[in-house]
Structure formats: C-alpha cells, structure tokens
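J.: First, the structure itself, so that you have it in front of you.
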Protein chains: 2
Amino acid sequence: MATMRDIAAEAGVSQATVSYALHGDPSISQPTRDKVLAAAKKLDYSINVSARTLRSGRTNAIGLVLQDLHNPYSMHLADAVSRYAQSRGYQTIIQQTRYESGNEIAILQHIVGSVCDGVIFSPSRLTVKQIRSRLNGKPALLLSPIDSDHDYDTIGLACEQNMFTATSYLLSTGCRRLLFSSCDYAEFDDVKNALDTKWQRVAGFQRALLRNGITPEPWQFIADHPWTRRASRDAIIDAVRSGIEFDGVVCINDESALGVIRGLDECGLRVPDDVSVIGFDGIEEGEFFSPALTTVAVDFESFARQAVDCIIERINGDTGPVRDLIIPSRLVVRESTR
Amino acid sequence: MATMRDIAAEAGVSQATVSYALHGDPSISQPTRDKVLAAAKKLDYSINVSARTLRSGRTNAIGLVLQDLHNPYSMHLADAVSRYAQSRGYQTIIQQTRYESGNEIAILQHIVGSVCDGVIFSPSRLTVKQIRSRLNGKPALLLSPIDSDHDYDTIGLACEQNMFTATSYLLSTGCRRLLFSSCDYAEFDDVKNALDTKWQRVAGFQRALLRNGITPEPWQFIADHPWTRRASRDAIIDAVRSGIEFDGVVCINDESALGVIRGLDECGLRVPDDVSVIGFDGIEEGEFFSPALTTVAVDFESFARQAVDCIIERINGDTGPVRDLIIPSRLVVRESTR
DNA sequence: TTGTAGGCGTTATCAA
DNA sequence: TTGATAACGCCTACAA
C-alpha cells in the first residue's frame with residue numbers, strides 16, 4: 001500500500017508537502033499540488049487511518065453502540081443515523097452489546113479507544129461511572145438515561161407522554177377494559193416519576209386511565225417479558241385462555257403489538273372488531289401488517305439529526321450545558337383500532 | 001488517557017516490559033507481571049488501537065459492508081455475523097453503502113485502510129477490479145458474485161435452486177397460474193446460467209414451471225421494482241385490477257411477499273384460500289404475520305459461521321484455493337400456501 | 001512556497 | 001528476565 005513517502009518520491013517533493021497538498025493547504029502552489037495529486041492517483045493512495053488517528057486524535061467516525069441489532073427499531077435507528085452522519089461527512093461504526101457488560105466494556109474501549117471521535121451509546125448493564133471511565137474524555141450521547149442527575153447528554157423518547165397519548169386514543173374510541181402488554185403491575189405513585197423507559201410507559205398508560213376515571217388494576221398487566229413478537233403472542237394467548245375480558249391492548253412497542261395481534265388471531269379474536277391494539281415505535285412493518293398497526297410513531301430522521309448534530313458539536317469542542325434531547329413522535333391511526 | 005509509558009512509570013519497569021506483561025508473554029516473571037497489571041488497573045489503562053494497528057497491522061476487527069441496512073434480511077445478517085465474530089474474538093464493523101459507488105469506495109478505503117483485518121462485502125456498483133484496488137491486499141469475502149471467473153472468495157445463496165424449490169412446492173399444492181413478484185420477463189435461455197441473484201431467481205421459477213409442463217409467459221411477471229413491501233403491494237394491486245387471473249404468487253423475497261399479501265388483502269382476495277403466496281429469506285417477521293408466511297428460509301447462523309470462519313482463516317494467512325460458499329436454506333411451510 | 005524534524009503509542013528486535 | 005531502541009505513517013511547528 002502506497003504511503004505519503006511513496007507519493008513524495010514519485011512527485012519529487014518532500015513527504016510534508018504531500019501531506020499539505022492532499023489536505024488542500026493553501027500554501028502549496030497549484031503546480032505542486034497537481035503533481036502530488038497525480039502521483040497519489042497513480043499509486044492509488046489511500047490514507048492510513050491509524051496513523052492519522054494516532055497523530056491527530058481525529059477519526060472522522062462516530063460510534064453507534066446499541067444493545068441489540070436484531071429488531072426493527074434498532075434497524076431504523078442504525079439506518080437513519082448512518083445516513084445522516086454520512087451527509088455530515090462522518091462514518092458510522094455500528095456495534096451491538098447484546099446486554100452483556102463484558103461486551104459493553106470491550107466495545108466501548110475498542111470504539112472510543114481510537115476508532116471514533118464520539119459515541120452514541122445505549123447502555124444496559126454499565127453504570128454511568130463505568131461508562132465515563134471508558135470514554136477517555138470523548139463525548140458520548142446516551143440513550144435511555146439511567147439517573148436523573150447526570151452530566152452527559154441524553155436522547156430519548158417522551159415515553160410517558162406518548163403512552164398517555166396512545167392510551168387516551170384507545171379510550172376515546174370507546175375501549176374500557178384495556179390490557180397493557182407487557183409489564184408487571186406497579187403502583188402509579190411508584191412509577192409516575194420513573195426514569196426507566198419501561199416504567200415511564202406504564203406510568204403514561206396509568207395516567208391516561210386515571211384521567212378517564214378508571215383505576216389501574218393488576219389484572220390489566222400482562223406479565224413482564226421480552227419486547228418481542230413471540231413472547232407477546234404467547235402471553236396474550238395465555239391471557240385470553242385465562243378468561244380475562246378486555247376490549248383493547250396497549251403495547252409497550254410495535255413488535256409486541258404485532259405479536260399480540262397474531263396471538264389474538266390464533267384465538268379467533270378479530271382486530272379491531274373484538275379488540276383494539278395500539279403499538280409504540282412506528283416501525284415500517286406495522287404499516288403493511290393486516291390489520292395495519294395504529295401506533296405512536298417516532299421520527300427516526302429527527303433522532304438521527306439531533307443525535308448526530310449534537311455529538312458532532314461536542315466533538316468540535318462545544319462545552320455548553322448538558323442536553324436532554326427529545327425525539328418527536330406522533331399518533332398514527334391505522335386499522336388495528338376502532 | 002493512560003499509556004504504557006504511564007504504567008511503566010507507575011510500576012517501575014520499562015515500557016517494553018509493560019507491553020510484554022500485558023500480552024502475557026511468558027518471559028515476564030510473575031511478580032513483574034502482577035505489578036504491571038496492578039498499575040494498569042489503577043490507571044484504568046486501555047490500549048490505543050490506532051497505535052497497535054499502526055505498528056502491528058492487526059486490528060482484530062472484521063468489516064461487514066452491506067448495501068442497505070434498512071431491511072430485515074440485512075438486519076438478520078448483521079446480527080448473526082456480529083454475534084459469531086464476537087465468539088471468535090473479533091469485533092464487527094458494520095456499514096452500509098446505500099448503492100452509491102462513492103460510498104462504496106469511501107467505506108472500503110476507510111475500513112480496509114486500517115480499521116479491520118478483512119471485510120465481508122456486498123458490492124453494488126463497483127467492479128471487481130475497483131474493489132481489489134481498494135482492498136490493499138487484505139482478504140475480502142464477496143456477497144453475490146459479479147463475474148464467474150473470479151479470484152476472490154464468495155458466499156451466497158443457491159438462488160436458482162431455492163426458487164425452483166419454492167415454485168415446485170406451490171405447483172405441488174395445485175397452483176397452475178403463478179405470478180412472479182417482482183421482475184421483468186426474460187427468456188429462460190437468457191437467464192438459466194445467470195450469475196446475478198435476481199435472474200437466478202427468475203430462472204429457478206421458470207425451470208420449475210417447465211419441469212411441470214408449463215411454459216413461462218410474460219404476463220406472469222410483475223414489473224421490476226424494489227424488493228420492498230410497499231412496491232410489491234402496489235404492484236400486486238395493479239395486477240389484480242388489470243384483471244389477470246392467478247392462483248399463486250412466487251415472491252423474490254419475504255418483504256415482497258408480505259407486501260403482496262397485504263395488497264391482496266386490500267383487493268379482497270384471501271391468502272391462501274384464493275391465492276397462495278410464497279417468499280424467500282425466512283425473516284422473523286414472516287412467522288408472525290397473518291397468515292404466517294411460507295418461505296424458503298436461509299440459515300443466517302450458518303451464513304455467519306461460514307463467512308466469519310473463512311475471512312478469519314484468510315486473515316491468518318490461508319492461501320488455499322478460492323472458495324465459493326453456499327448458505328443452506330430450507331422450505332418452511334406455514335399458512336400462506338394451501 | 002517547500003523541507004526538516006519530532007513525536008503520537010505500540011510492537012518487536014537486540015542487547016544486557 | 002528485562003531494557004533500549006527503532007520503526008509504523010502521518011501531522012505540524014518551525015526553519016529555510
């Protein structure tokens with residue numbers, strides 16, 4: 001592989017001149033620049049990222065470290081972020097931690113160590129302190145904040161508000177016996193100020209009920225399980241078989257909602273005629289499902305824009321106050337609700 | 001950030017000793033090693049990847065460069081590869097080119113330049129020659145081979161065979177008027193030896209028809225369009241409206257099949273009662289769709305294993321003959337076919 | 001306008 | 001068993 005030294009030899013200039021010319025430094029004359037560029041092209045030069053990084057500390061890449069790549073939500077996120085970062089001149093390095101703290105540490109170290117200038121990170125097991133110590137002074141933007149009193153930037157959904165919106169909508173269509181898929185019951189007072197996105201969602205659900213004069217009760221909560229189609233399908237089937245009566249299901253996310261619809265279908269219940277179902281996320285899949293899924297859709301493009309702009313500003317030395325970015329989302333009414 | 005030099009000072013040894021100790025070199029005595037390890041821990045040391053790479057040429061990472069991250073197939077691939085690579089001690093750097101040759105070049109250069117030891121690459125616009133010149137001597141494993149006479153490793157599906165299987169199955173259930181979604185018509189003789197996966201799929205479809213005494217005709221082919229739910233839904237709706245009579249649809253992939261089912265639903269046609277639909281890929285989504293999708297499912301875990309093992313062997317200097325890996329897949333009969 | 005030179009943090013070769 | 005020391009390829013004062 002050709003190095004700057006090779007180009008210098010080819011073009012008959014010094015290696016430093018090659019570096020300047022390649023970076024468009026104005027102090028290099030046009031003829032020299034042309035000579036260098038021609039030599040670079042001839043030798044098919046491409047810069048050694050490690051060397052540049054080692055020397056300058058800059059990689060021109062951002063890391064996107066998610067817990068799990070194996071779901072539509074992450075997929076939309078990864079796609080949107082990598083496209084937008086591209087437009088801002090940054091590469092995106094995507095990784096998944098799979099909820100293992102060992103992976104989280106290894107990936108953070110590897111990534112932050114020297115392959116990117118900043119990272120958008122969705123922690124699962126690591127504490128803020130552990131994260132910071134791996135960050136090596138580089139900027140990070142965290143998804144789903146772990147504590148309230150933090151000194152790092154965060155980005156997230158208005159989960160409580162969004163679930164309030166979703167539940168209120170279902171109530172407004174006449175539903176009265178709502179199920180929540182899938183989380184254990186908790187007292188409203190215990191979750192109304194939760195920071196965890198799961199409990200925020202529960203709180204939003206409950207607040208909407210209370211606002212409509214309905215007291216949340218344990219039977220409405222389908223036992224906690226992974227937010228997947230399979231687990232949700234199995235759980236709703238159990239619920240139906242147990243004889244619970246309900247006319248609507250508020251789901252913790254779209255995948256869950258899709259599983260619920262499938263499960264209801266297997267039980268001979270029709271959506272939305274017998275039961276209304278609403279999701280949360282706005283994954284593309286919901287639009288083409290039968291029935292098409294009513295949901296609170298998050299604006300992935302806005303997520304990407306806000307997140308990437310923020311991290312780039314921090315990379316460029318912005319030391320302004322800590323930011324807590326909120327991703328906008330909106331109710332999308334389709335066919336799974338009456 | 002602490003460097004080896006800092007640790008050396010802390011532990012009262014030379015910097016070289018630190019390097020040896022940290023790598024478990026047997027020539028370092030136990031007490032010295034312990035001292036070094038303690039100092040490293042105390043200073044929260046983590047290695048500088050750029051420096052290590054610059055010096056050793058090894059990154060311990062593989063690149064996975066796909067055309068598009070925004071589809072379930074890629075998502076399954078990325079997930080499986082990154083998990084398996086992890087188990088082999090490698091990080092996976094995932095990127096998408098979005099079908100732009102500029103991106104392909106930039107990403108290849110960046111990635112291969114110095115962030116990974118080898119790359120699994122799905123080219124779209126770049127020729128083999130252009131790819132090789134960016135590869136910088138590092139091993140690559142290409143998806144969907146572009147020419148027959150190549151000197152690089154490839155991995156892919158047995159598309160022709162799989163489509164033959166899918167079509168044959170539909171025929172065996174009694175279907176006689178099959179549609180193919182979505183590709184333009186082509187003479188069997190022109191595609192039967194195609195290298196392009198799209199035409200291979202068409203060829204498999206046609207061969208199955210011919211084997212059953214049916215001559216493929218242009219009306220069976222729904223115009224070429226992206227392999228997405230939306231495009232396929234719109235196209236099948238047009239087909240129904242145009243008055244074509246058919247009793248089954250063979251789809252170029254699962255997403256397409258899901259769109260087709262949705263479109264048929266919108267036209268009042270029931271699957272599988274009125275029309276059978278079969279897909280190709282085996283994305284998880286198909287399992288939970290109503291009706292659950294019959295498909296030829298590819299074994300993503302096997303893909304990951306074969307691909308990663310191959311690239312790692314090449315990284316480790318294997319210079320054996322060129323390999324053309326085939327990913328196994330199998331017919332999964334569910335509800336969308338009679 | 002261009003060249004010289006030092007160093008970024010490692011690894012690896014020799015000596016000691 | 002450990003310590004100097006020389007690269008790896010690039011960037012950037014500073015000197016010419």
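J.: Within the range A:271-310, restricting attention to residues that are under 21 Å from A:L179 (Cα atoms) and among the aliphatic types (A, V, I, L, M), which residue is nearest to the chain's Cα centre (by Cα)?
T.: A:A297
J.: Does A:L77 satisfy being over 29 Å from B:A51 (Cα atoms), crowded, with 23+ Cβ neighbours inside 10 Å and within 14 Å of chain B (Cβ to nearest Cβ)?
T.: Yes; evaluated as a whole, the condition is true for this residue.
J.: Any residue that is away from DNA strand D (no atom under 16 Å from the Cβ) and touching a residue at least 12 places away in the same chain (Cβ under 8 Å) - is there at least one of those in the range B:2-18?
T.: There is at least one residue in the range B:2-18 that is away from DNA strand D (no atom under 16 Å from the Cβ) and touching a residue at least 12 places away in the same chain (Cβ under 8 Å).
J.: Does B:R88 qualify as being closer than 24 Å to B:V298 by Cβ, more than 16 Å from DNA strand D (Cβ to nearest atom) and either at the interface with chain A (Cβ under 9 Å from one of its Cβ atoms) or basic (K, R) (or both)?
T.: For B:R88, the condition - closer than 24 Å to B:V298 by Cβ, more than 16 Å from DNA strand D (Cβ to nearest atom) and either at the interface with chain A (Cβ under 9 Å from one of its Cβ atoms) or basic (K, R) (or both) - is met.
J.: For the structure I just gave you, tell me whether B:R83 is basic (K, R) and facing another protein chain (nearest Cβ under 10 Å).
T.: yes
J.: Which one of B:L264, B:L269, B:L331 is in a loop (DSSP other than H, G, I, E, B) and either crowded, with 17+ Cβ neighbours inside 10 Å or of a type outside the set (G, A, S) (or both)? Full working, then the answer.
T.: Working: B:L264 fails: in a loop (DSSP other than H, G, I, E, B); B:L331 fails: in a loop (DSSP other than H, G, I, E, B).
None of the other options fit; the residue is B:L269.
J.: Of all residues in the range A:1-25 being assigned to a helix (DSSP H, G or I) and within 7 Å of DNA strand C (Cβ to nearest atom), which is surrounded by the fewest Cβ atoms within 10 Å (Cβ to Cβ)?
T.: In the first step, residues of the range A:1-25 are kept if they are assigned to a helix (DSSP H, G or I); the result is A:4-11, A:15-22.
Next, only the ones that are within 7 Å of DNA strand C (Cβ to nearest atom) stay: A:15-17, A:20.
Working: A:Q15: 14, A:A16: 11, A:T17: 22, A:Y20: 18.
My answer is A:A16.
J.: Which condition from (1) among the polar types (S, T, N, Q); (2) out of contact with any helix residue (DSSP H, G or I) (no Cβ under 9 Å at 6 or more places or on another chain); (3) within 12 Å of DNA strand C (Cβ to nearest atom) is the one that B:Q30 breaks?
T.: If we test B:Q30 against (1) among the polar types (S, T, N, Q); (2) out of contact with any helix residue (DSSP H, G or I) (no Cβ under 9 Å at 6 or more places or on another chain); (3) within 12 Å of DNA strand C (Cβ to nearest atom), just (3) comes out false.
Listed here are the residues, each with its yes/no results for (1) among the aliphatic types (A, V, I, L, M); (2) part of a loop (DSSP other than H, G, I, E, B).
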position: A:T32; (1), (2): no, no
position: A:S50; (1), (2): no, no
position: A:T53; (1), (2): no, no
position: A:T59; (1), (2): no, yes
position: A:I62; (1), (2): yes, no
position: A:L69; (1), (2): yes, yes
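J.: Then there's this: Small (G, A, S) and not in a loop (DSSP other than H, G, I, E, B): which single residue out of B:A292, B:A307 fits that description?
T.: Going through B:A292, B:A307 in turn, the sole match is B:A307.
J.: Continuing with the same structure: When you check A:V65 against the structure, is it closer than 24 Å to A:G317 by Cα, away from DNA strand C (no atom under 12 Å from the Cβ) and without any contact (Cβ under 8 Å) to a residue 40 or more places away in the chain, yes or no?
T.: Criteria not met by A:V65.
J.: Listed residues A:R83, A:R98; which is under 18 Å from the mean Cα position of the chain (by Cα), over 28 Å from B:L43 (Cβ atoms) and either within 16 Å of DNA strand D (Cβ to nearest atom) or not in a helix (DSSP H, G or I) (or both)?
T.: Values: A:R83 fails: either within 16 Å of DNA strand D (Cβ to nearest atom) or not in a helix (DSSP H, G or I) (or both).
After applying the criteria, what remains is A:R98.
J.: Oh, and also: Do we find a residue being within 12 Å of chain A (Cβ to nearest Cβ) and without any contact (Cβ under 8 Å) to a residue 12 or more places away in the chain anywhere in the range B:167-179?
T.: no
J.: Only one of these conditions is not met by B:D117: (1) surrounded by 19 or more Cβ atoms within 10 Å (Cβ to Cβ); (2) among the charged types (D, E, K, R); (3) away from DNA strand C (no atom under 16 Å from the Cβ). Which number is it?
T.: Just one mismatch for B:D117, condition (3).
J.: Say whether the condition of being away from every other protein chain (no Cβ under 14 Å) and either β-branched (V, I, T) or out of contact with any Gly (no Cβ under 8 Å at 6 or more places or on another chain) (or both) is met by at least one residue in the range A:250-260.
T.: Yes, that holds for at least one residue.
J.: Just for the range A:48-60: of the residues that are in contact (Cβ under 8 Å) with a residue 12 or more places away in the chain and crowded, with 24+ Cβ neighbours inside 10 Å, which one is farthest from DNA strand C (Cβ to nearest atom)?
T.: A:T59
Every residue, every condition in (1) of a type in the set (S, T, Y); (2) part of a helix (DSSP H, G or I); (3) more than 21 Å from the chain's Cα centre (by Cα); (4) closer than 30 Å to A:E245 by Cβ, yes or no:
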{"site": "A:Q130", "(1), (2), (3), (4)": "no, yes, no, no"}
{"site": "A:T154", "(1), (2), (3), (4)": "yes, no, no, no"}
{"site": "A:Y169", "(1), (2), (3), (4)": "yes, yes, yes, yes"}
{"site": "A:F180", "(1), (2), (3), (4)": "no, no, yes, yes"}
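J.: Take the range B:127-142 and flag every residue that is among the aliphatic types (A, V, I, L, M) and within 14 Å of chain A (Cβ to nearest Cβ).
T.: Within the range B:127-142, B:I131, B:L135 qualify.
J.: Among (1) farther than 29 Å from B:D190 by Cα; (2) within 27 Å of the chain's Cα centre (by Cα), which single condition is B:D265 missing?
T.: Evaluating B:D265 over (1) farther than 29 Å from B:D190 by Cα; (2) within 27 Å of the chain's Cα centre (by Cα) leaves (2) as the failure.
J.: Answer yes or no: is there a residue in the range A:268-286 that is within 28 Å of A:I120 (Cα to Cα) and among the aromatic types (F, W, Y).
T.: There is at least one residue in the range A:268-286 that is within 28 Å of A:I120 (Cα to Cα) and among the aromatic types (F, W, Y).
J.: Residues in the range B:29-42: is at least one at the interface with chain A (Cβ under 9 Å from one of its Cβ atoms), within 16 Å of DNA strand D (Cβ to nearest atom) and basic (K, R)?
T.: No, the range B:29-42 has no match at all.
J.: Follow-up question, since we're still on this one. On the basis of being surrounded by fewer than 24 Cβ atoms within 10 Å (Cβ to Cβ) and within 23 Å of A:I237 (Cα to Cα), does A:P291 make the cut? Give the steps one after another, and end with the answer.
T.: Details: surrounded by fewer than 24 Cβ atoms within 10 Å (Cβ to Cβ): yes; within 23 Å of A:I237 (Cα to Cα): yes.
When the stated conditions are applied, A:P291 passes them.
J.: What are the pairs, 6+ residues apart or on separate chains, where a residue within the range B:224-240 that is within 14 Å of chain A (Cβ to nearest Cβ) has its Cβ under 6 Å from a residue that is crowded, with 16+ Cβ neighbours inside 10 Å and among the aromatic types (F, W, Y)?
T.: These pairs meet every condition: B:R229/A:F288.
J.: Moving on to the next point. Looking only at the range A:241-256, which residues are more than 17 Å from A:T197 (Cα to Cα), touching a residue at least 60 places away in the same chain (Cβ under 8 Å) and either assigned to a helix (DSSP H, G or I) or not charged (D, E, K, R) (or both)?
T.: Scanning the range A:241-256 gives A:I244, A:F246, A:G248, A:V249.
J.: Spot the failing condition for A:A40; the list is (1) away from DNA strand C (no atom under 16 Å from the Cβ); (2) of a type in the set (G, A, S); (3) buried (at least 20 other Cβ atoms within 10 Å of the Cβ), and only one is missed.
T.: Checking A:A40 against (1) away from DNA strand C (no atom under 16 Å from the Cβ); (2) of a type in the set (G, A, S); (3) buried (at least 20 other Cβ atoms within 10 Å of the Cβ), the one that fails is (1).
Throughout, read-outs are computed from the coordinates displayed, never taken from laboratory work. Please read all numbers here as calculations on a predicted model, not as lab measurements. FYI the Cβ positions are ideal-geometry reconstructions off the backbone, even for glycines, and counts take in every protein chain you see.
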